[in-house]
Amino acid sequence: MPVTAKSPYSIDQNLWGRSIECGALEFPDQEPPSEIWEWTVPVEEAPDEPEYVTLGFEDGAPVSINGGEMGPVEFLQKAHGIAGSHGIGRIEHMEDRIVGLKSREVYEIPAAAVILQAHKDLEKMVLTRHEKLFKRQVDHEWAVLAYTGLWMDPLKAALDAFIEKTQENVTGEVKLKLFKGSASVVGRSSPFSLYDLSLATYDIDTTFNQRAAVGFIELWGLPTVTAWALKRKAKAPLPPIQMS
């Protein structure tokens, strides 16, 4: 990106986002100058009324905005405009570089902010608890490999295979409320939803067998009960010795 005496920033930019360094940003105690931002408005200047936007996904990939289907480039560009107009997507933090030093990093990712928020929520609806818990570890390791430049490492290829498998059912729509720098999920739907109203409802007509809870609670807590029983036994005073 162009660098001048008045704009001495090191900027990397692509369709996904912008990263800004150098200049006044090298002083962590100072607020980032307003001129570094290009895709997002200050929260103070964001609309005073919220905007609702619905993102559609197919096999984990974003494919539509408010029902209008579009390719990835058009999707990102439109999402940048919508989210950025509400001041969403500014990140400013202290980062640990792989070489060992700390660096103040500033990012501008309005589209990514809303996509990741919606995608994570949709995964909660269609993935099992076990898939979600393990994927949390996979996502972290994948991010570390990408950040440290190990894009072609065999481990990343293995993680890619797992991630692609989990995305087979990540299809549906997520409704977000955009307001003053925040994006909140307020609704979601999917043909592969694991949510079952007849089981989850508190209504008297629920199909969930509540009698099963009694045995479940006893078995689930059995290791804890056993452990504490042993602790109490170990702390109990020894019986007096009987002298004959």
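Per-residue ellipticity at 222 nm, computed for the chain from helices alone with -39500 (n - 2.57) per DSSP H run of at least four residues, works out to -11500 deg cm²/dmol. State the Cα centre-to-centre distance between the stretch 109-142 and the stretch 170-199 in whole Å. Value for the Cα centre distance between the two parts: 13 Å. Relative to the Cα centre, the charge distribution of the stretch 1-127, modelled as +1 at Lys and Arg Cβ and -1 at Asp and Glu Cβ, gives a dipole magnitude of about 300 debye. Taking Ile11, Ile36, Ile204 in turn, the Gaussian network model of the chain (Cα-Cα springs below 10 Å) assigns the largest fluctuation to Ile204.
For the stretch 105-115, 3J(HN,Hα) computed residue by residue from phi via the Karplus equation (6.51, -1.76, 1.60; θ = phi - 60°) reads 10, 10, 10, 10, 9, x, 5, 4, 4, 7, 5 Hz, glycine and proline entered as x.
The phi torsions of the stretch 84-90, fed into the Karplus equation with coefficients 6.51, -1.76 and 1.60 and a -60° offset, translate into couplings of x, 5, 9, x, 9, x, 9 Hz, rounded to whole numbers, with Gly and Pro shown as x.
Exposure here means at most 15 other Cβ atoms within 10 Å; with trypsin sites (Lys or Arg not before Pro) in a DSSP loop as sites, the longest stretch of the chain lacking them is 7-96. For Val185, the amide hydrogen comes within under 5 Å of the amide hydrogens of Lys177, counting only partners 5 or more places away or on other chains and with H modelled in the peptide plane.
Computing mean projected area of the Cα convex hull in nm² for the structure here picks out one of [x] 13.3; [y] 25.1; [z] 14.0, namely [y].
Note on Lys102: aspartates and glutamates with a C-alpha under 13 Å away, same-chain residues under 8 apart excluded, are Glu21, Glu26. For the stretch 120-170, lysine pairs with C-alpha atoms less than 12 angstrom apart, excluding pairs fewer than eight positions apart on the same chain, total 5. What are the residues whose amide H is under 5 Å from the amide H of Val63, where those residues sit 5 or more places off or on another chain and H is modelled from the backbone? Answer set, sorted by chain and number: Gly56, Phe57, Glu58. Here the 3J(HN,Hα) profile of the stretch 145-152, calculated from phi with Karplus coefficients 6.51, -1.76 and 1.60 at θ = phi - 60°, is 4, 5, 5, 8, x, 9, 4, 9 Hz, Gly and Pro shown as x.
Each reported figure results from applying straightforward, stated rules to the coordinates on display, with no laboratory input. Values in this document were obtained by computation on a predicted structure and should not be read as measured data. Note: ideal-geometry Cβ built from the backbone for every residue, glycine included; neighbour counts use all protein chains shown.
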